[in-house]
Amino acid sequence: MSFDIIFKNANITNDTSSFTSDIGIKSGKISEIGDLGNSSDNIIELDHLNLIPGVIDTQVHFREPGAEHKEDLSSGTKAAILGGVTGVFEMPNTDPSTTNVSALKDKFTRAKDRSYCDYAFYVGGTEDNSEILPELEKIEGCCGVKVFMGLSTGSLLVSDDKDLEKILSKINNRASFHSEDQYLLEERKKYQVKGDTNSHEIWRNDEQCFIATQRLLKLARKNKKNVHVLHVSTAQEIDLLSKNKDIASVEITPQHLTLLAPNCYQELGNYAQMNPPIRGINHQKKLWEAINNGVADIIGSDHAPHSREEKDQEYPNSPSGMPGVQTLVPIMLNHINEGKLTLNRFVELTSSNPARLFGIKNKGSIEVGNDADFTIIDMQKEQTIEDSWINSKCGWTPYNGMKVKGWPIMTIIRGEIVMREGEVTEPIGKPMNFYR
């Protein structure tokens, strides 16, 4: 057999196995794994490099339509492939919000021929659209329903149990939740201190997250539905979620695993402000336990860029959120090199679990028949993350100046090398397909 391309002598890592082999690609699919000789005119020698299934970032905000001054589908997906990410789930809190058929289809129209990586879009669940959510879930390329229980960026909010239950009673697939309690957030606004970003964590404290997640799990169990809790940030939630794994999956961000309060607020000010907030060491230790004991299911970046002008406003007028899609892979590879998790576990958290939990077709693992989506990494390469490397329109990263070990060298989508040593090709991204 002749292959379109062979990746030779690859150190292949799946979630449960690691081995060295060649991978032959035909028509964008993994055609054969083994000793393939020279049966292609296009052979890429990988030698000391690691080849893992394409990283899927399940939580990005690319701000289009409505806020293209800080990101759009083109700049965001280009940032993704520069960081070794082959696919993204994009969030619905745009302007207008993605809450009906026309808004969802508009996003697919906008993404066509402009996206550098593969993509799927969330639809927003609201108190008014629960009846049409089953129809929206079935639209090809829709990754599911996203619900904001606490107000963050945008206008989407479902704060009370009656409306939450209305949504949970209608949906068929795993839905994702921003789990903060809006009533407690309103009540605790008195803890916001003008000009003091440190007060962000005090206002949006651990208790309001825990109460929101308690409410969510109770309703999910009552309605026999699966829920995915995004950007979990507290020790209490980890303990609670560990007892509810039959109905709930858990997502954690690199930020919550890497940055630490109060230092981050002193060093970065508003640039460390996100929802839910970066917290202290006791919470972070519990998040790392969840990474290593199987309670955590997915690492997603919660890429949420804002311009410097917006971030430089006096707190609390400054918006919450920071870019992350381009830094997810290098930050987590550095943690691997520090011995905090294994490469196999990273693959599980960023490839195989996203594909399994959300039912993505033909992605998530290195096996014959799957899409030839790969993130190729050099675990020994040392690099300093700098603002100048960031492709996001916001032009900054909270990790500016951080030296890391482990770096994405190539991004492969359906057998096409879309990024190699920082050089990118034309956009070839397509909507992801799901088992429905």
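Apply the a/c threshold of 1.5 to the C-alpha gyration tensor of segment 146-270 and tell me whether it is rounded, prolate or oblate.
prolate
Taking every alpha carbon pair in segment 285-436, what does the distance histogram look like in 5 angstrom bins from 0, in percent?
2, 8, 14, 18, 20, 17, 12, 6, 2, 0, 0
Give me Thr342, Thr98, Thr16 sorted ascending by neighbouring Cβ count inside 10 Å, so fewest comes first.
Thr16, Thr342, Thr98
Where is the GNM fluctuation largest for the chain (alpha-carbon springs, 10 angstrom cutoff): Val325, Val193, Val88?
Largest GNM mean-square fluctuation: Val193.
Can you classify segment 54-358 as rounded, prolate or oblate using the Cα gyration tensor, where a ≥ b ≥ c are the square roots of its eigenvalues, rounded means a/c under 1.5, and otherwise it's prolate if a/b beats b/c and oblate if not?
rounded
How large is the helix-only mean residue ellipticity at 222 nm for the chain, computed as the sum of -39500 (n - 2.57) over DSSP H runs with n ≥ 4, divided by its residue count, in deg cm²/dmol to the nearest 500?
Per the formula, -7500 deg cm²/dmol.
Give me the dipole magnitude in Debye, nearest 20, for segment 59-113 about the Cα centre, with unit charges on the beta carbon: positive for Lys and Arg, negative for Asp and Glu. Don't jump to the answer; show the numbers that get you there.
Numbers: 7 positive and 8 negative charges, 22 e Å.
Charge dipole of segment 59-113: 100 debye, to the nearest 20.
Name the residue farthest towards the positive end of the dipole of segment 54-358 from the options Ser115, Ala261, Gly54, assuming +1 on Cβ of Lys and Arg, -1 on Cβ of Asp and Glu, about the Cα centre.
Comparing the listed Cα positions along the dipole, Gly54 ranks first.
Among Cys209, Cys264, rank each residue by its count of other Cβ atoms within 10 Å, from fewest to most, as a rough exposure measure.
Ranked by crowding around the Cβ, least crowded first: Cys264, Cys209.
Work from the charge dipole of segment 54-358 (Cβ charges, +1 for Lys and Arg, -1 for Asp and Glu, about the Cα centre) and give the residue of Ser102, Gly144, Val158 farthest towards its positive end.
Toward the positive end, the furthest listed residue is Gly144.
Test of understanding: ordering Glu421, Glu71, Glu267 by Cβ neighbours within 10 Å, fewest first, what list do you get?
Numbers: Glu421 9, Glu71 26, Glu267 12.
Taking fewest neighbouring Cβ atoms as first place, the list is Glu421, Glu267, Glu71.
What Kirkwood radius, in Å to one decimal, follows from the Cα pairs of segment 31-102?
15.3
For segment 19-143, what log10 I(q)/I(0) values come out of the Debye formula at q = 0.10, 0.12, 0.13 1/Å, with one point per alpha carbon and no solvent?
-0.44, -0.58, -0.65
May I ask which residue of Tyr271, His228, Trp288 lies farthest towards the positive end of the charge dipole of segment 214-300, with charges of +1 (Lys, Arg) and -1 (Asp, Glu) on Cβ and the Cα centre as origin?
Going by the Cα projections, it comes out as His228.
Please report, in debye to the nearest 20, how large the charge dipole of the chain is about its Cα centre when each Lys and Arg carries +1 at its beta carbon and each Asp and Glu carries -1 there. Intermediate values should be presented prior to the final figure.
Numbers: 48 positive and 61 negative charges, 200 e Å.
Dipole about the Cα centre, nearest 20: 960 debye.
Magnitude of the Cβ-charge dipole of segment 1-150, K/R +1 and D/E -1, about the Cα centre, nearest 20 debye? Intermediate results must be reported in sequence, preceding the final value.
On the way: 13 positive and 24 negative charges, 35 e Å.
With Lys and Arg at +1 and Asp and Glu at -1, about 160 debye.
In whole Å, how far is the Cα centre of segment 36-62 from that of segment 334-374?
12
At 7 Å along the Cα-to-beta-carbon direction for both Arg110 and Glu426, put a label point, then send me their distance in nm to one decimal.
2.3
Hey, what angle do you get for helix 281-293 against the long axis of the chain, alpha-carbon based, 0 to 90 degrees rounded to 10?
That helix lies at roughly 40 degrees to the long axis.
Test of understanding: what is the full-extension gain from Tyr183 to Ser18, defined as 0.36 nm times their sequence separation minus their Cα-Cα distance? Walk me through the numbers before you get to the answer.
Working: separation 165, 0.36 × 165 = 59.40 nm, distance 4.78 nm.
54.6 nm is the gain from fully extending Tyr183 to Ser18.
How high is the relative contact order of the chain, given as a whole-number percent (alpha carbon pairs under 8 Å, six or more residues apart)?
22
Quick check on the chain: of the DSSP beta bridges with both residues there, what percent are antiparallel, nearest 5%? Provide the component values of the computation, followed by the final result.
On the way: 33 of 64 bridges.
Of those bridges, close to 50 percent are antiparallel.
For the pair Asn172/Ile202, report the inter-label distance in nm, with labels modelled 7 Å from Cα in the Cβ direction.
With each label placed 7 Å out from Cα toward Cβ, I get 4.9 nm.
Computed from the coordinates by the stated procedures, all read-outs in this text should not be read as laboratory data. Keep in mind the model is a prediction, meaning the values are calculated, not measured. Note: ideal-geometry Cβ built from the backbone for every residue, glycine included; neighbour counts use all protein chains shown.
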